[in-house]
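Working notes, structure below.
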Amino acid sequence: MRLKDIISKRLTELGMSYYQLSRLSGVHPNTLYSIKNGRRQELTLKHTVKVFSALELDLNELNKIDWR
């Protein structure tokens with residue numbers, strides 16, 4: 001599973017948009033849309049923690065990510 005898939009799945013579960021995630025996490029919308037559109041594969045650790053916190057995801061979910 002890729003990072004964008006985890007984020008997208010959780011956004012769907014919460015009924016939240018990428019823009020709302022940006023507002024909650026403090027991560028710039030362009031950064032999140034780059035993940036969504038596949039132009040970017042990963043986030044900095046700081047941004048990852050902010051996004052996972054906003055989505056109420058456990059950081060252990062990072063173990064499920066295929067980083068290749």
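How much area per residue is accessible in the chain when the probe is 1.4 Å and only protein heavy atoms are counted (Å²)?
Heavy-atom accessible area per residue stands at 67 Å².
Identify the chymotrypsin sites (Phe, Trp or Tyr not before Pro) of the chain meeting these criteria: DSSP loop state and at most 11 other C-beta atoms within 10 Å of the C-beta.
Sites meeting the loop and neighbour criteria: 67.
Using a Förster distance of 22 Å, how high is the FRET efficiency between residue 8 and residue 46, based on the Cβ-Cβ distance and rounded to 0.05?
Efficiency for this residue pair is about 0.60.
Once label points are set 7 Å from the Cα along Cα→Cβ at both residue 24 and residue 59, what is their separation, rounded to one decimal in nm?
My value for the distance between the label points is 1.9 nm.
Per residue, how big is the convex hull around the C-alpha atoms of the chain? Give it to me in cubic angstrom, could you?
Value for the chain: 77 Å³ per residue.
The values are calculated or read from the model by the stated rules, or taken from the named source; none is laboratory data. Please read all numbers here as calculations on a predicted model, not as lab measurements. Here the Cβ is made from the backbone with ideal geometry for all residues, glycine too, and neighbour counts use every protein chain on show. Each accessible area value is taken on the protein alone, full model and side chains, heavy atoms only, with ligands, DNA and RNA left out. Shrake-Rupley method; radii C 1.70, N 1.55, O 1.52, S 1.80 Å.
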